[in-house]
Amino acid sequence: MVPARCPGPCAVLALVLFLGCGVVLCSGQNDTEPIVLEGKCLVVCDSNPSSDGAVTSSLGISVRSAGAKVAFSAVRGTNHEPSEMSNTSMTIYFDQVLVNIGNHFDLKASVFQAPRRGIYSFSFHVVKVYNRQTIQVNLMQNDFPVISAFAGDQDVTREAASNGVLLMVEREDRVYLKLERGTLMGGWKYSTFSGFLVFPL
């Protein structure tokens, strides 16, 4: 075992953390930039730790699992009728989950809730069937639209509204899709909604 020391003004105290995945020793305390030791565990020496879900000691040493990955991908396997959609929220619902690492995507509500602050990637692909209409799909973050996509070719029977974005998301933020314009009657089989944590902040 090789101890890692924090540069800058250091305290005399040392903390040994037994995490079941090895032993990590961190001596001192850092008043500037944190040092992250990566492996099966992450130890962050920081005099001003953030509340991102990590376990933090009184010495300002944050410990979090390095395997805390977050990803989801949902798909619509059947066609849609308006009676299935809320008349007030117009949330776009999905009926199958292909990936849900961390279980942060609620299939029934079709809403993703972020477990921690970070940069996330989101993408969607919503299929409409009828021609002679335009649909607008919004990606919502806490009930505010972030990006939109349109499908409105009058000569195409089946068309998709697609878009993607990187977002800075706070812990417990909610992200979902909303039908802002048009109707998905008879359509959107094979539509998808996906997202994953790029890196935590």
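The values are calculated or read from the model by the stated rules, or taken from the named source; none is laboratory data. Bear in mind that the values here come from a model prediction, so they are computed numbers and not experimental data. Virtual Cβ from ideal backbone geometry, glycine too; neighbours counted across all protein chains shown. These accessible areas exclude ligands, DNA and RNA; they are computed on the full protein's heavy atoms, side chains included. Shrake-Rupley method; radii C 1.70, N 1.55, O 1.52, S 1.80 Å.
Points worth noting:
- Taken over segment 110-131, the residue count meeting the criterion of being open to solvent by less than 40 Å² (accessible area, probe 1.4 Å) and in a loop (DSSP other than H, G, I, E, B) is 5.
- Residues that are at pLDDT 90 or above and either exposed (fewer than 15 other Cβ atoms within 10 Å of the Cβ) or within 20 Å of the chain's Cα centre (by Cα) (or both) do occur in segment 47-70.
- Residues in segment 132-166 that are at pLDDT 95 or above and open to solvent by less than 20 Å² (accessible area, probe 1.4 Å): Asn138, Leu139, Met140.
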